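Colleague: Before I ask anything, here is the structure I am working with.
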């Protein structure tokens with residue numbers, strides 16, 4: 001990359017990322033505070049880590065059941081500032097129960113004796129570090145060699161990507177899971193299958209985000225069992241240790257977890273991206289079609305070695321599929337799209353021969369990807385002139401592409417995975 005082009009790219013990345021953080025801290029937060037005051041809606045620490053941390057603390061230090069109604073009320077007092085009142089129509093519907101596998105407490109065990117304010121600060125910086133590190137790890141998985149300057153630009157964009165910023169602000173464990181999956185992929189590329197299996201097991205703290213990749217990697221390992229069996233063995237042993245350790249701490253926790261998941265979906269009424277966009281019937285049909293098309297594509301790629309670019313594309317496809325089919329549509333889950341987006345960017349930068357209609361589709365798909373930055377830059381520049389009335393109307397603008405972007409990325413990734421990679425991509429040639 002030429003020096004002038006590099007400086008322009010750095011400036012653009014810094015402006016775009018800074019605008020996202022400014023929007024989150026000054027515009028969106030102000031709107032949320034005003035809306036909460038207008039509807040007498042409670043606001044506490046609003047940290048998605050807090051319910052898991054409090055549940056872990058109570059289980060490990062006081063042997064209290066984190067799935068119990070009493071703990072849920074205590075969580076609400078910290079998360080919202082008071083317990084929710086079903087009689088109040090404007091109170092939040094998300095009860096913030098402990099809807100995680102019990103073995104998540106083993107990951108949080110080192111923090112339970114610390115004040116939550118300190119845990120918050122440390123976890124926030126951990127997520128920022130993971131955001132930048134995940135770029136390096138996914139580039140390795142995809143076999144895309146770039147200069148240090150280009151890598152830094154990608155890292156800045158990642159730290160200022162709207163789903164990532166939202167996840168960092170909310171201290172969402174989805175970002176930790178995304179980092180663990182990136183580490184798993186990098187370990188597979190490096191031949192460290194035992195480490196990869198352990199990281200994959202740890203990522204199951206959010207099973208709904210990891211089960212598609214778990215199934216794919218088990219299929220991949222089965223295709224060359226003799227050389228890849230260590231991945232399965234490490235994953236199985238790690239899962240047994242996690243689940244067995246949780247059972248010792250809280251006997252019968254799987255039944256409680258299943259009940260908590262049922263309650264979570266009842267009070268959040270979450271839907272998949274496809275169901276939200278196309279309705280229940282058509283959405284389910286598209287989900288099934290997406291799974292089937294991906295399965296056919298992945299079956300063809302099951303023998304690919306972890307050191308190939310095709311393997312990285314397969315991981316990107318599975319994670320993009322996950323985002324569009326799981327019954328969760330929060331923007332922060334879209335951090336799982338990172339490898340698919342990077343794979344498409346590499347394909348585009350390589351100038352590989354593709355049909356004009358495909359290139360046009362990629363250009364169309366790029367619009368919802370960059371739209372949040374366009375919107376946050378515009379809103380940040382106009383912030384001095386944003387009256388409360390204007391802010392009320394304009395604050396959702398960065399989220400307008402929230403549902404379109406995952407569908408575009410998945411569709412383009414599926415199309416890209418069906419076609420064989422050009423020789424320069426298969427060989428992992430250096431490109432910027």
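Colleague: What's the number of the condition residue 313 fails, among (1) crowded, with 20+ Cβ neighbours inside 10 Å; (2) touching a helix residue (DSSP H, G or I) at 6+ places or on another chain (Cβ under 7 Å); (3) over 27 Å from residue 168 (Cα atoms)?
Modeller: (3)
Colleague: State whether the residues of the range 56-64 include one that is in a loop (DSSP other than H, G, I, E, B) and at negative phi.
Modeller: Yes, the conditions are met somewhere in the range 56-64.
Colleague: For residue 33, indicate whether it is modelled with pLDDT under 95, surrounded by fewer than 22 Cβ atoms within 10 Å (Cβ to Cβ) and assigned to a helix (DSSP H, G or I).
Modeller: On the way: modelled with pLDDT under 95: yes; surrounded by fewer than 22 Cβ atoms within 10 Å (Cβ to Cβ): yes; assigned to a helix (DSSP H, G or I): yes.
When the stated conditions are applied, residue 33 passes them.
Colleague: Right, next: State whether one or more residues within the range 42-53 are surrounded by fewer than 17 Cβ atoms within 10 Å (Cβ to Cβ) and assigned to a helix (DSSP H, G or I).
Modeller: Checked the range 42-53: no residue is surrounded by fewer than 17 Cβ atoms within 10 Å (Cβ to Cβ) and assigned to a helix (DSSP H, G or I).
Colleague: Suppose we filter the range 107-151 for residues that are surrounded by fewer than 21 Cβ atoms within 10 Å (Cβ to Cβ), more than 21 Å from the chain's Cα centre (by Cα) and closer than 28 Å to residue 306 by Cβ; how many remain?
Modeller: Residues flagged as surrounded by fewer than 21 Cβ atoms within 10 Å (Cβ to Cβ), more than 21 Å from the chain's Cα centre (by Cα) and closer than 28 Å to residue 306 by Cβ within the range 107-151 amount to 6.
Colleague: Quickly run through the range 387-413 and pick out the residues that are part of a helix (DSSP H, G or I) and closer than 19 Å to residue 29 by Cβ.
Modeller: Of everything in the range 387-413, those that are part of a helix (DSSP H, G or I) and closer than 19 Å to residue 29 by Cβ turn out to be 388, 389, 390, 391, 392, 393, 394, 397, 398, 399.
Colleague: Name the residue, out of 341, 374, that is under 24 Å from the mean Cα position of the chain (by Cα) and surrounded by 17 or more Cβ atoms within 10 Å (Cβ to Cβ). Spell out how you get there, then give the answer.
Modeller: Numbers: 374 fails: surrounded by 17 or more Cβ atoms within 10 Å (Cβ to Cβ).
Checking each option against the conditions leaves just 341.
Colleague: Just to be sure, is residue 328 closer than 25 Å to residue 171 by Cβ, in a loop (DSSP other than H, G, I, E, B) and under 14 Å from the mean Cα position of the chain (by Cα)?
Modeller: yes
Colleague: Next question, about the same structure. Considering only residues that are assigned to a helix (DSSP H, G or I) and either within 22 Å of the chain's Cα centre (by Cα) or under 18 Å from residue 181 (Cβ atoms) (or both), which ones fall in the range 289-308?
Modeller: 290, 291, 294, 295, 298
Colleague: Residue pairs, Cβ under 8 Å, 6 or more apart or interchain, first in the range 287-307 and over 27 Å from residue 186 (Cβ atoms), second not in a helix (DSSP H, G or I). List them.
Modeller: If the second residue must be not in a helix (DSSP H, G or I), the pairs left are 287/272.
Colleague: Okay, next question. Being part of a helix (DSSP H, G or I), modelled with pLDDT of 95 or more and out of contact with any helix residue (DSSP H, G or I) (no Cβ under 6 Å at 6 or more places or on another chain) is the requirement here; does residue 213 meet it?
Modeller: When the stated conditions are applied, residue 213 does not pass them.
Colleague: While we're here: Considering each of 246, 236 in turn, give the residue that is touching a helix residue (DSSP H, G or I) at 6+ places or on another chain (Cβ under 9 Å), farther than 18 Å from residue 100 by Cα and modelled with pLDDT of 95 or more.
Modeller: Values: 246 fails: farther than 18 Å from residue 100 by Cα.
Only one candidate passes the filter, namely 236.
Colleague: Let me ask another. For residue 14, indicate whether it is touching a helix residue (DSSP H, G or I) at 6+ places or on another chain (Cβ under 7 Å), surrounded by 17 or more Cβ atoms within 10 Å (Cβ to Cβ), touching a residue at least 40 places away in the same chain (Cβ under 8 Å) and part of a helix (DSSP H, G or I).
Modeller: no
Colleague: Still on this structure, please answer the following. So which residues in the range 377-413 are buried (at least 16 other Cβ atoms within 10 Å of the Cβ) and more than 26 Å from the chain's Cα centre (by Cα)?
Modeller: 386, 391
Colleague: Follow-up. Is it the case that residue 281 is more than 30 Å from residue 51 (Cβ to Cβ) and without any contact (Cβ under 8 Å) to a residue 24 or more places away in the chain?
Modeller: Against the criterion (more than 30 Å from residue 51 (Cβ to Cβ) and without any contact (Cβ under 8 Å) to a residue 24 or more places away in the chain), residue 281 qualifies.
Colleague: Is it the case that the range 93-103 has a residue that's assigned to a helix (DSSP H, G or I), modelled with pLDDT under 95, exposed (fewer than 15 other Cβ atoms within 10 Å of the Cβ) and over 22 Å from the mean Cα position of the chain (by Cα)?
Modeller: For the range 93-103, residues assigned to a helix (DSSP H, G or I), modelled with pLDDT under 95, exposed (fewer than 15 other Cβ atoms within 10 Å of the Cβ) and over 22 Å from the mean Cα position of the chain (by Cα): absent.
Colleague: Can you tell which of 149, 179 is touching a helix residue (DSSP H, G or I) at 6+ places or on another chain (Cβ under 7 Å) and without any contact (Cβ under 8 Å) to a residue 60 or more places away in the chain?
Modeller: When all the criteria are applied, what remains is 179.
Colleague: Return the pairs, sorted by first residue and then second, in which the second residue is modelled with pLDDT of 95 or more and not in a helix (DSSP H, G or I), the first residue lies in the range 213-242 and is at positive phi and surrounded by fewer than 17 Cβ atoms within 10 Å (Cβ to Cβ), the beta carbons are less than 8 Å apart, and the residues are 6+ apart or on different chains.
Modeller: none
Colleague: Has the range 80-87 got at least one residue that is surrounded by 13 or more Cβ atoms within 10 Å (Cβ to Cβ), at pLDDT 90 or above and not in a loop (DSSP other than H, G, I, E, B)?
Modeller: no
Colleague: Condition (residue is buried (at least 21 other Cβ atoms within 10 Å of the Cβ) and either in contact (Cβ under 8 Å) with a residue 12 or more places away in the chain or not in a loop (DSSP other than H, G, I, E, B) (or both)) applied to the range 346-359: is it met by at least one residue?
Modeller: Pass one, the range 346-359, residues buried (at least 21 other Cβ atoms within 10 Å of the Cβ): 346-347.
Restricting the remaining residues to those that are either in contact (Cβ under 8 Å) with a residue 12 or more places away in the chain or not in a loop (DSSP other than H, G, I, E, B) (or both) gives 346-347.
Yes, the range 346-359 contains a residue that is buried (at least 21 other Cβ atoms within 10 Å of the Cβ) and either in contact (Cβ under 8 Å) with a residue 12 or more places away in the chain or not in a loop (DSSP other than H, G, I, E, B) (or both).
Colleague: Consider residue 203 carefully, then state whether it is assigned to a helix (DSSP H, G or I), crowded, with 20+ Cβ neighbours inside 10 Å and out of contact with any strand residue (DSSP E or B) (no Cβ under 8 Å at 6 or more places or on another chain). First the steps, then the outcome.
Modeller: Working: assigned to a helix (DSSP H, G or I): yes; crowded, with 20+ Cβ neighbours inside 10 Å: yes; out of contact with any strand residue (DSSP E or B) (no Cβ under 8 Å at 6 or more places or on another chain): yes.
Yes, satisfied.
Colleague: Would you tally the residues in the range 66-78 being closer than 21 Å to residue 262 by Cα and within 28 Å of the chain's Cα centre (by Cα)?
Modeller: Final tally of qualifying residues: 9.
The values are calculated or read from the model by the stated rules, or taken from the named source; none is laboratory data. Note that the structure is a prediction, hence the values are computed from the model and not measured. Ideal geometry is used to build each Cβ from the backbone, glycine not excepted, and the neighbour counts take in all protein chains shown.
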